[in-house]
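Participant: What follows is a single structure, and I will ask about it in a moment.
Rule-based calculations on the coordinates, nothing more; no lab input. Just so it is clear, the structure is predicted and the values come from calculations on it, not from any experiment. Here the Cβ positions follow ideal geometry from the backbone for every residue, glycine too, while neighbour counts run over all protein chains shown.
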Amino acid sequence: MKFFIADGSKLGLRRLLMLLGDKKEFELVGYSADVTAAIISIQTVKPQVVILDLDMRGRNGIDVLKMIKHEMPDTIFIILTNAASEQYRRRCKELGAEYFFDKSTEFSLIPITLKKLAAQCEHESAKEKKK
């Protein structure tokens with residue numbers, strides 16, 4: 001399963017890379033700290049999952065969610081942010097984000113969630129091959 005990280009924080013990116021770097025079930029296909037670059041990269045590499053921070057350079061990460069979900073509705077979004085207010089949570093869910101995690105308290109849920117999604121992708125891929 002291919003995933004992309006869009007995070008405005010170098011520390012957040014480093015933590016994610018350390019946490020996920022050695023996992024065989026999923027492959028990092030790119031990352032960006034800038035909204036415009038993230039949108040272009042995601043459209044190019046077409047990951048199955050995007051881990052998205054709302055605080056990014058350029059515009060707000062919600063712009064990434066809006067544009068990509070509109071163009072690529074099957075892309076799964078995991079919001080991982082310090083801006084974990086109920087207002088942002090509700091807005092992201094309305095725009096199609098499947099997961100919303102608080103960086104300060106739920107960071108450890110990312111590898112668990114990715115493993116679950118990788119297993120689902122593998123199962124769906126096996127079903128497609130049988131057809």
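Participant: Would you mind listing how long the chain runs along its three principal axes, going by Cα atoms, in whole Å with the largest first?
Facilitator: 43, 30, 26
Participant: Out of the DSSP beta bridges found with both residues in segment 2-130, what percent are antiparallel (nearest 5)?
Facilitator: That works out to approximately 5 percent antiparallel.
Participant: Sorting CYS121, CYS92 on the 10 Å Cβ count, fewest up front, what's the list?
Facilitator: CYS121, CYS92
Participant: Under a 5 Å amide H to amide H cut-off, with H placed in plane at 1.01 Å, what residues pair with ILE76 once short-range neighbours are removed?
Facilitator: Close amide H contacts, sequence-distant or interchain: VAL49, VAL50.
Participant: Taking θ = phi - 60°, what integer Hz values does the Karplus form 6.51 cos²θ - 1.76 cosθ + 1.60 yield along segment 94-109, in sequence order, with x for Gly and Pro?
Facilitator: These are the phi-based 3J(HN,Hα) values: 4, 7, x, 5, 7, 9, 9, 10, 7, 4, 6, 10, 10, 4, 5, 7 Hz.
Participant: A further question follows. Just want the ordering: MET56, MET67, MET1, from fewest to most Cβ atoms lying within 10 Å of their own Cβ.
Facilitator: Going from sparsest to densest Cβ surroundings: MET67, MET1, MET56.
Participant: For the chain, what is the calculated [θ] at 222 nm in deg cm²/dmol (nearest 500), taking -39500 (n - 2.57) for each run of four or more DSSP H residues and dividing by its residue count?
Facilitator: -16000 deg cm²/dmol
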